[in-house]
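Values quoted throughout were computed directly from the atomic coordinates according to the rules given, and no laboratory measurement underlies them. Worth saying up front: this structure is predicted, and the values here are computed from it rather than measured. Virtual Cβ from ideal backbone geometry, glycine too; neighbours counted across all protein chains shown.
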Ligand code: LLP
C-alpha cells in the first residue's frame, strides 16, 4: 500500500503536501484527510468482497462531512445511518435509497416514517416494540418496507467496554428467539418485507476470530430460517474492523482491514446471499490527522505538560476511552526525547491527548499531528467551553480543498435567543 503520511527531509507530509508549511499558513487546530488513503481503504473493502454479492456501506457516524460522503459514495458504497439527521445527509450526498440501511436502538416514529417514505433498503429492527411502530407506519403509508433484525449474538469482542455491542449485557439488538416470531409475522405482512439479519459485535476489533464466530452464528441462523421456509436474502455484517493507532500509523506499515474483512466475508461463500457491511473507522480513521499547535510548555512539581490549542471538544477519544493516538511533531529535529502529557486548553483534567508520552522535545509554536483522527474525531466534537468547531481539509496529492470552514463564535451566538 502507498504511504499517505510520511516524513520526507524530517517534515511530515500528507500525500505530497508539506504539512509544516501548510500549518504555518493556516489557523490551527484543524483536521486534514488524505483522499488517496480513503480511496485505498474503500478499494480494499471492495476487493475483499470480489466474487460475492457484496455491498459495502459507510457508517456515517464515523464522519459525516459531505465531501467525504460523496467521495465514498462515488467509490460505490452504500450508507449506514443511525438517525434522521444522518439519513438526510446520506440522501443529500446522493446515496441511492436502495443502498441505505438504518440501525439504532431508539429510532423515533418520525425517523422511521422518513426512512420508509425514502424507500431505503432496510430498517434494522432492534426490539419488539420498535417492530410494532415500523409495522404501523408501513401500514399507514402503504409502502413495502424492507426490514432486517439486528440480532444480539452474545459474542465477546476484544475492545473497550463502551464500544462492545454484541453481548447480552449491551442494549443493542434483539435475541434470535425474540426475533423469530416477528420474522414470521413480517413474512406474512403485506407491507413488511423481512430481508434477513443484521449483526454488529463492536468497534476497533483487530482480530479476525470474533468476526468468524459471528459468521458461523449467522450461517447457522440463516439455515434455520430457511428450513422454516422463511425468506433470507440479506446479511448485514455490521462494521467494527479496527485500525492501527500506534506510531506505525505515520509510516503505514500495518493495515488490518484487508485480511480481517476477507476472512470474514469468505465464510459466506456458497450461501447465496447478499452481504452488506457497515464500516466506519476502517474507511476514514487512518486517513485523518488533527493538527495542533503548541501554546505553552509547563513544568509542574510532578509533570511536564505540553499545552496545545486543540482540546477534548475536538477529539474526545483519549478522554472518553483512554484511547491511544499516535502523536508526532510536523518537524523532526535533533532534539532529545522528553516524557510529557499533551493536554488541551479545556477546563477538565480529563482533557488530554497523551499521558506520560515519550516525545521529541517541542517548543512553543511547534506543530503536532495526532494520528488516527479521521473517524469519531470531528463527528464527536462539541462546543464545550464555547470553542467553535474547527476546519476540515481534504488533500489529494498537493491540492487541498476546504471541506468545512470551521465555525465562528458569532455563528454559534446566533443560534440562541438573547
Ligand atoms: N454498524 C453499527 C450498527 C454500529 O453501531 C457501528 C459503530 C458501526 C456499524 C461502525 O463501526 P466501525 O466500523 O466504525 O467500528 N466512538 C467510538 C466508536 C463507536 C462505534 C459505534 N458503532 C470510538 O471512537 O471508538
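Relative to the longest principal axis of the Cα atoms of the chain, the long axis of helix 128-141 makes an angle of roughly 70 degrees.
Once the Cα atoms of helix 35-48 and of the chain are each reduced to a long axis, what angle between those two axes, in degrees from 0 to 90 to the nearest 10, is obtained? Helix 35-48 sits roughly 30 degrees off the main axis of the chain. Cβ-to-Cβ counts within 10 Å put 142, 278, 392, 15 in ascending order as 142, 15, 392, 278, the fewest first. Taking a quarter of the surface of the Cα convex hull of the chain gives a mean projected area of 21.6 nm². With the simple model of a label 7 Å out from the Cα in the direction of the Cβ, residue 349 to residue 206 spans 2.9 nm. Per-residue ellipticity at 222 nm from helix content only, as computed over the chain with -39500 (n - 2.57) for each DSSP H run of at least four residues, stands at -8000 deg cm²/dmol. At R0 = 35 Å, how high is the FRET efficiency between residue 21 and residue 296 if r is their beta carbon distance? Nearest 0.05 is fine. For residue 21 and residue 296, the calculated efficiency is 0.90. Residues 341, 248, arranged from fewest to most other Cβ atoms within 10 angstrom of their Cβ, appear as 248, 341.
A simple spin-label model places the labels of residue 162 and residue 220 3.3 nm from each other, with each point 7 Å out along Cα-to-Cβ. Relative to the longest principal axis of the Cα atoms of the chain, helix 256-266 runs at roughly 10 degrees.
The order of 308, 265, 328, going from fewest to most other C-beta atoms within 10 Å of their C-beta, is 328, 265, 308.
Name the shape class, rounded, prolate or oblate, that the alpha-carbon gyration tensor gives for the range 162-257, where a ≥ b ≥ c are the square roots of its eigenvalues, rounded holds for a/c under 1.5, and otherwise prolate holds if a/b is larger than b/c and oblate otherwise. Prolate, because a/c is 1.5 or more and a/b exceeds b/c.
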